[in-house]
Amino acid sequence: MAIKYGFYFIVEGNTKRIKVPNHVIEMLNVFKFDMVTLSVKGLEENLNNDSDSESLTIQPNFVSVMKTYDWKYKVNILIQFAKEFLGLGDMLVDIHGTVGKKWIVHYVTRFSKDGVFKKAKFEKGWNVFVHENQLAEDYEVDFMLDVAANDDRVIFNTVITRSG
């Protein structure tokens, strides 16, 4: 008899968007779970009844801590996240702040001489975002991919956590 491994997400409250941290996604990939169960406290009865259930969306995200020596000029993106959600080609990306302001940054990719995908980052335009949001060292920016966008644009909603 094969052993089935599972992983449970427990979410408090009445949530329509669920943010799965990158370390959890990496753990799911490493352990190759056969099943993932999502239990939403307070909505258990609704999840079993399709006609009344609210749609839940897992929102891909990554968090960047302003720590590297050049954080004011670029932000590195996790390779796995870039491959899965952004692709291998350079493009313009919209970054939305919490007060409705929008910035356009360049998503760029880099490859080794052998053609291996090595880096993904936001560059041009990033310094304007840094300046206008008054980012400082050790601040965190949570980039949440807007999965509801209906066109070809890539949109990230952001939440800034200020340290200290």
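The values are calculated or read from the model by the stated rules, or taken from the named source; none is laboratory data. Given the structure is predicted, the values throughout are model-derived calculations rather than measurements. Cβ: placed from backbone, ideal geometry, glycine included. Neighbour counts: every protein chain shown. Please note that ligands, DNA and RNA were not included when accessible areas were found on the heavy atoms of the full protein model with its side chains. Shrake-Rupley method; radii C 1.70, N 1.55, O 1.52, S 1.80 Å.
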| query | Under a 1.4 Å probe, what is the accessible area of the stretch 84-145 per residue, stated in Å²? | reply | 57 Å²
| query | When ranked by the protection proxy of mean other Cβ atoms within 10 Å per residue, highest first, what sequence do the peptides 59-67, 98-106 form? | reply | 59-67, 98-106
| field | Amide proton proximity set for residue 146, modelled H, under 5 Å, gap of 5+ | value | 155, 156, 157
| Once you wrap a convex hull around the alpha carbon atoms of the stretch 61-162, what is its projected area averaged over all directions, in nm²? | 6.5 nm²
| task | For the stretch 61-162, give the share of DSSP beta bridges that are antiparallel, in percent and rounded to the nearest 5; count only bridges with both residues there. | result | 85 percent
